[in-house]
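Colleague: Got a structure for you, written out below as structure tokens; questions coming shortly.
The values are calculated or read from the model by the stated rules, or taken from the named source; none is laboratory data. Predicted model, so just to flag it, every value in this text is computed and none were measured. Positions of Cβ are backbone-derived with ideal geometry, glycine not excepted, and every protein chain shown enters the neighbour counts. These area figures cover heavy atoms from the full protein model, side chains too; ligands, DNA and RNA do not enter into them. Shrake-Rupley method; radii C 1.70, N 1.55, O 1.52, S 1.80 Å.
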Protein chains: 2
Amino acid sequence: MYARAADGAAQDGAARPIMLTTMSTSLHHRAIENLGTRIVSGALPTGHVMLAEQLEDELKVSRSVVREAVRVLQSLGLVETIKRVGIRVLPAHRWNPFDPLVIRWRLAGDGRGAQLRSLAELRSAVEPVAAELAAANAPQAIRQELLDVSLAMRDAGEAGNVAEFLELDIKFHSLLLTGSGNEMFANLVGQVAETLTGRTVHGLMPDRPRETALQWHVDVAEAIAAADAAGAREASSRIMRETISEMEPGWRDQPRVFIPLQQG
Amino acid sequence: MYARAADGAAQDGAARPIMLTTMSTSLHHRAIENLGTRIVSGALPTGHVMLAEQLEDELKVSRSVVREAVRVLQSLGLVETIKRVGIRVLPAHRWNPFDPLVIRWRLAGDGRGAQLRSLAELRSAVEPVAAELAAANAPQAIRQELLDVSLAMRDAGEAGNVAEFLELDIKFHSLLLTGSGNEMFANLVGQVAETLTGRTVHGLMPDRPRETALQWHVDVAEAIAAADAAGAREASSRIMRETISEMEPGWRDQPRVFIPLQQG
DNA sequence: TGACACCGATGTGTGCTGACATCAAAACTC
DNA sequence: GAGTTTTGATGTCAGCACACATCGGTGTCA
């Protein structure tokens, strides 16, 4: 039994989380999650300074755990540590917007709208180029699977099977991105899945996918199968324009931020 | 004086790095850099297992430093820690390809060609869309500055002033990306600067920028100033096509990798 | 008397260490 | 071969030494 644990039980009993030892995730992970969520949500505002010792008390963990968590948050650009001052929360434009953790935290909080817009715009930029590259480079197996999935999507969409359609939609766009042979594009698979799921969950999706949109997916797959790069790009662009216009109401009120360039 | 430090001095004297205490970067940072570079370069191959204690000896640092470094590398997807086994190097497709550290390490080693291709393709996807968004949303100050910079670029390019041209080129594309009002696009500024610098340094740049390319930059700036989204996108696309065709020889021999989807 | 430079006290991140908890692989027993 | 024990690695804790930025007090000089 640790001295700290004994102290905690004696001093603040009920306030302490139960089943600490049976938590599935590590303390380290929980600390990152706790701090990251609070920073991204704005509960810990830009410029806010924390002390390592204060975090130990707050999270009821030891210095090792706090320090390792802070190091990870530092690598994400969420905080900086300054000698003699403490751990300071950095402004949002210093955060790494491509890190999966940061994206997840933003999607979970107030920043959801702005995050979805960023992701949708990124998708709209990347997917047509990915389609072009896939048409030029994808292995035969992926071309075939894209065809199969696009046809299955059309069936599921016309049948109004929302759940199956979402699953196939995610698979289609994932195949497209990995088929590009660009590892940065391929890495966006998770974010795209998040976007598509979010669109469905938030009712930004029409009851039944438009037939033209369904056909465009087939067009993309057929163009890639035929190694028609320009056709694949064009069909993919149409999908993206449609997608953006469908989702746009969800973030119309979100202000855009223009980050000043640092002297250079 | 620490026991470990004394041991090191007594036992392996000369092999130990000098001026350890006066190093500008922290031990933690050096450990990340050391391990990250070796993993990305392939010196520590996929599946290779290290022990924390062994890393302490090797890097001549304490457990705290090793553990904090490993935690950061874990958050980048470079390693995983498994109880009773050790610290295992993960395959490249698990690495976060958008993290600045990973990109820097890849650019510094054998993966340079493949990394430059990925970045160039990402740029070619993002910049036209960024130009479109900037035409719709950028504040007036950025539109004006884009115009000024594009004209200065034309002068520097025609005068054959390579250094000044590079600097203005970086500034132009940075303004474009930040002017889009998309924080993910804006975050690519550093990577774009790296690409442009690399192109110049590696002699993939023509002695003197082609006049048409110079004019295209002015076209982009003028279209954005006039809120002409389609025109900005089109002119930006031309620049990207030109850029890709100039740089393509640098990575023609790099194999593409197609990452299998995880059960989905 | 007031302004300024110097210098030490203080507090906080950085780094090191030893001890113990935990858990899964491997060895062992029946 | 199934169940149990041992083993060996990471996970966590707590205390200490150190470097160094900041602050406040003291002394000097004009």
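Colleague: Averaged over peptide A:166-177, how many Cβ atoms belonging to another chain are found within 10 Å of each residue's Cβ? Please list the in-between numbers first.
Modeller: On the way: counts 0, 1, 0, 0, 2, 2, 0, 0, 4, 1, 0, 2.
Taking the mean over all residues of the peptide, I get 1.
Colleague: Still on this structure, please answer the following. Return the carbon/sulfur percentage of the accessible area of the stretch B:114-260, one whole number, probe 1.4 Å, all protein chains in place.
Modeller: Details: 3040 of 5790 Å².
The computed percentage sits at 52.
Colleague: Rank A:Gln54, A:Gln191, A:Gln254 by mean-square fluctuation in a GNM of chain A with C-alpha springs under 10 angstrom and give only the top-ranked residue.
Modeller: Ranking A:Gln54, A:Gln191, A:Gln254 by mean-square fluctuation puts A:Gln54 first.
Colleague: For chain A, what class follows from the C-alpha gyration tensor (a ≥ b ≥ c being the square roots of its eigenvalues): rounded when a/c is under 1.5, otherwise prolate if a/b is larger than b/c, else oblate? Before the final figure, lay out each step's value.
Modeller: Numbers: a/c = 2.50, a/b = 2.09, b/c = 1.19.
Prolate is the answer for chain A, as a/c is 1.5 or above and a/b outweighs b/c.
Colleague: Let me ask you something else. A:Arg63 to A:Leu261: extension gain in nm, 0.36 nm per residue of separation minus the Cα-Cα distance?
Modeller: Values: separation 198, 0.36 × 198 = 71.28 nm, distance 3.64 nm.
Going from the current span to full extension adds 67.6 nm.
Colleague: Something else now. Would you compute, for the Cα atoms of the stretch B:171-258, the largest minus smallest coordinate along each principal axis and list the three values in descending order, in whole Å?
Modeller: For the stretch B:171-258, the Cα spread along each principal axis is 41, 31, 24 Å.
Colleague: Which of the GluC sites (Glu not before Pro) found in the stretch A:66-155 are loop residues per DSSP with 16 or fewer other Cβ atoms within 10 Å of their Cβ? Don't skip to the answer; put the middle values down first.
Modeller: On the way: sites: A:Glu68, A:Glu80, A:Glu121, A:Glu132, A:Glu145; in loops: none.
For GluC sites (Glu not before Pro) across the stretch A:66-155 that sit outside H, G, I, E and B with at most 16 neighbouring Cβ atoms in 10 Å, the list is empty.
Colleague: What does the C-alpha gyration tensor say about the overall shape of the stretch B:111-251? Classify as rounded when a/c is under 1.5, otherwise prolate if a/b is larger than b/c, or oblate. All intermediate terms of the calculation are to be shown ahead of the outcome.
Modeller: Details: a/c = 1.76, a/b = 1.26, b/c = 1.39.
Oblate shape, in that a/c is at least 1.5 and b/c is the bigger or equal ratio.
Colleague: Can you give the average number of partner chain beta-carbon atoms within 10 Å of each beta-carbon in peptide B:183-192, as a whole number?
Modeller: Partner Cβ neighbours, averaged per residue: 6.
Colleague: Within 10 Å of each Cβ in peptide A:129-139, how many partner chain Cβ atoms are there on average? Round it to a whole number, please.
Modeller: Numbers: counts 9, 2, 0, 3, 4, 1, 0, 1, 2, 2, 2.
Taking the mean over all residues of the peptide, I get 2.
Colleague: To the nearest 0.05, what FRET efficiency results for A:Asn161 and B:Arg94 with a Förster distance of 22 Å applied to their C-beta separation? If you can, show how the numbers build up before the last one.
Modeller: Numbers: r = 33 Å, r/R0 = 1.51.
Calculated value: 0.10.
Colleague: Next question. If you take the beta carbon distance between B:Thr25 and B:Ala141 as r and set R0 to 45 Å, what does 1/(1 + (r/R0)^6) give as a FRET efficiency, to the nearest 0.05? Let's see the in-between values first.
Modeller: Values: r = 36 Å, r/R0 = 0.81.
Calculated value: 0.80.
Colleague: Next question. In square angstrom and rounded to 100, what buried accessible area do you get between chains B and A, total over both, with the probe at 1.4 Å?
Modeller: Values: alone 14710 and 14690 Å², together 25090 Å².
Approximately 4300 Å², summed over both chains.
Colleague: Please work out the average accessible area per residue across the stretch B:77-182, using the 1.4 Å probe convention, and give it in Å². Don't skip to the end; give the middle numbers.
Modeller: Values: 3890 Å² over 106 residues.
Per-residue accessible area for the stretch B:77-182 comes out at 37 Å².
Colleague: Name the chain B residue nearest the rotation axis between B and A, going by Cβ position, and give the distance in whole Å.
Modeller: B:Phe98, 2
Colleague: May I pose another question? How big is the charge dipole of the protein assembly as shown about its Cα centre, in debye rounded to the nearest 20, if each Lys and Arg gets +1 on its Cβ and each Asp and Glu gets -1 on its Cβ?
Modeller: 1780
Colleague: Okay, next question. Taking a label point 7 Å out from Cα toward Cβ, give me the nm distances from A:Pro139 to the same spot in the other copies, shortest first, one decimal.
Modeller: For A:Pro139, the other copies' label points sit at 4.9 nm, shortest first.
Colleague: For B:Pro260, which inter-copy label distances result when the label point lies 7 Å beyond Cα on the Cα-to-Cβ vector, reported in nm to one decimal and in ascending order?
Modeller: Those label-point separations list as 5.2 nm.
Colleague: At A:Ala230, with labels set 7 Å past Cα in the Cβ direction, how many nm apart are the copies from this one, shortest first?
Modeller: 1.8
Colleague: In Å³ and rounded to a whole number, note down the convex hull volume per residue for the Cα atoms of the protein assembly as shown. Can you show the working numbers first?
Modeller: Values: hull volume 98.5 nm³, N = 528.
So the per-residue hull volume is 187 Å³.
Colleague: Same structure again: Given the options A:Leu214, A:Leu27, A:Leu119, state which has the largest fluctuation in a GNM of chain A using a 10 Å cut-off (strictly under) for Cα springs.
Modeller: Maximum among the listed residues: A:Leu27.
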